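Here's the structure we're looking at; comments come further down.
The values are calculated or read from the model by the stated rules, or taken from the named source; none is laboratory data. Not measured: the values here are computed from a predicted model. Heads up, the Cβs are rebuilt from the backbone with ideal geometry, glycines too, and the neighbour counts pull from every protein chain shown. Just so you know, the surface numbers come from the protein's heavy atoms only, side chains and all, with ligands and any DNA or RNA stripped out. Shrake-Rupley method; radii C 1.70, N 1.55, O 1.52, S 1.80 Å.
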Amino acid sequence: MRYVLTHCAVYLTAVLAATPALAQGEGKPPETFFANAQVSGKDAGVSANVTIQINKYTDPRDRTTMTEALRTGGYPGLLPVLRKMPEVGYVEVNGRKVSIRWARQTVNKGKGRSISIVTDSPIAFVGGAAVDAKPRAGFELAAIFFEVDSVGLGKGTMAAAARVKPDGKDGVVIDDYAEKPVNLVTVRKSLK
């Protein structure tokens with residue numbers, strides 16, 4: 001289902017804009033976040049534990065390369081460029097690890113920070129208006145967006161199987177396999 005996620009569109013717009021490195025308030029990798037993902041449908045709901053390991057944030061030159069690939073080649077142009085980028089971490093759900101190729105943080109003045117992640121393959125095919133949702137061609141990445149406060153607690157959303165397309169100068173539209181995004185109802189940073 002195609003939709004513009006309110007939070008996702010805002011985060012991806014900030015993420016795709018090539019901005020200078022952060023100073024005060026940014027997290028220092030490596031960082032591990034644990035989240036409780038929940039999605040509910042008309043007749044049922046599902047929850048899962050998600051581990052997000054960020055070993056480093058994406059280099060500004062690599063972000064520019066990916067942003068330009070999306071702008072000029074759309075989703076088909078982005079995928080091969082994204083998959084050639086260095087792995088900067090992983091997302092793990094139910095024992096399955098998916099490589100993160102894009103990790104970006106932005107400081108929210110006085111309110112912690114926003115973190116955006118794009119993986120090089122889908123994490124799961126959730127929903128799709130069916131209990132036994134099957135993989136579908138074209139939904140070849142996942143996008144996660146969350147905010148954490150200065151202590152490392154927060155919430156967010158995840159498009160577990162998605163594709164993206166440019167929307168205006170710096171915006172992005174998420175086309176999610178699911179009918180609605182997966183909610184990350186609790187996100188917490190590991191204190192290790």
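Rolling a 1.4 Å probe over the protein chains gives residue 85 an accessible area of about 20 Å².
Ranked by the mean number of other Cβ atoms within 10 Å of their residues, highest first, the peptides 71-78, 140-147, 50-57 fall in the order 140-147, 50-57, 71-78.
Could you tell me which of the pairs 165/189; 56/192; 28/155; 84/109; 28/109; 56/189 are separated by over 26 angstrom between their Cα atoms in the structure shown?
165/189; 84/109
Distance between the pseudo-spin-label points of residue 36 and residue 72 (7 Å out from Cα toward the beta carbon): 4.6 nm.
Given a 1.4 Å probe and heavy atoms of the protein chains only, how would you sort 109, 165, largest accessible area at the top? All intermediate terms of the calculation are to be shown ahead of the outcome.
On the way: 109 185, 165 95 Å².
Per-residue accessible area, sorted high to low, gives 109, 165.
Estimated at 0.36 nm per residue, the fully extended path between residue 180 and residue 149 surpasses their Cα-Cα distance by 8.7 nm.
Determine the order of 180, 28 by accessible area, beginning with the largest, at a probe radius of 1.4 Å. Walk me through the intermediate numbers first.
Working: 180 95, 28 130 Å².
The ranking, largest first, comes out as 28, 180.
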